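Note sheet for the following structure.
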Amino acid sequence: MIKTVREFRVWRAQFCFSPKGKIAMDQMKKLQQGKNEFPYGNLESSVLQACFQAFKFEIDKNELDSRRRIAGMQFSKLSAKKFGRRKLPNIARNSMILYLTTFFRFYTANKSTYEFVGKKVPNFGEDKPDVVARFVNAIFRKENLNGASIRRITRRLNNEGVRLAHWKFSQ
């Protein structure tokens, strides 16, 4: 546990002071909070936690479990059959996109926001795909996504019935 906390602190410092990470954080700071109980401090820590988990995720050490969960996402029975036992491409990136989109929707919503795990991306609030794209491009160096591609990915995952789940790591 201590090793992970230290590792997170080092990663956070490197990310927040990298050029792409700094731009992404600055754009997130400019978001307008809706009338809800999700303050900016919680948004920042939640976003950094999701980014760190996506950065650290190793597909070789993980696979779909009995509840069709992997990397913070739960797949429907239909989509799990579609993939079978093969490794899912870009699973950490897609999970990060869903989480950040959800966090930004909750932060900008004018509704009360409590629990989101196990639900699809909410319809209220603003999803801010350009800000999500900045974070994805900062975490995954080989990616070059824009707002339109983020919208397309979230729409596809929603149509496939993918829901948010708790992150689970195999050691």
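The values are calculated or read from the model by the stated rules, or taken from the named source; none is laboratory data. Values in this document were obtained by computation on a predicted structure and should not be read as measured data. Heads up, the Cβs are rebuilt from the backbone with ideal geometry, glycines too, and the neighbour counts pull from every protein chain shown.
Within segment 22-42, if we keep just the residues that are among the hydrophobic types (A, V, I, L, M, F, W, C) and at pLDDT 90 or above, the residue that is farthest from Thr102 (Cα to Cα) turns out to be Ile23. Criterion applied to Phe135, Phe57 was being modelled with pLDDT of 90 or more and aromatic (Phe, Trp, Tyr), and the one residue passing it is Phe135. For segment 40-75, a residue qualifies if it is out of contact with any helix residue (DSSP H, G or I) (no Cβ under 9 Å at 6 or more places or on another chain) and more than 25 Å from Gly161 (Cα to Cα), and the qualifying residues are Gly41, Ser45.
Checking Ala80, Ala92, Ala109 one by one, the residue that is modelled with pLDDT under 90, in contact with a Phe, Trp or Tyr (Cβ under 6 Å, 6 or more places away or on another chain), surrounded by fewer than 22 Cβ atoms within 10 Å (Cβ to Cβ) and of a type outside the set (Lys, Arg) is Ala109 and no other.
Scanning segment 19-58 for residues that are of a type in the set (D, E, K, R) and in a helix (DSSP H, G or I) turns up Lys20, Lys22, Asp26, Lys29, Glu44, Lys56. The listed residues are Arg68, Arg86, Arg155, and the only one of them that is over 23 Å from Ser45 (Cβ atoms), surrounded by fewer than 15 Cβ atoms within 10 Å (Cβ to Cβ) and at pLDDT below 90 turns out to be Arg86. Of all residues in segment 1-26, those that are surrounded by 13 or more Cβ atoms within 10 Å (Cβ to Cβ) have Cβ atoms under 9 Å from Cβ atoms of residues that are charged (D, E, K, R) and not in a helix (DSSP H, G or I), 6 or more apart or on another chain, in Lys20/Arg141. Output yes when any residue across segment 17-33 is over 15 Å from the mean Cα position of the chain (by Cα) and aromatic (Phe, Trp, Tyr), and no when none is. Among the residues of segment 17-33, at least one is over 15 Å from the mean Cα position of the chain (by Cα) and aromatic (Phe, Trp, Tyr), which makes the answer yes.
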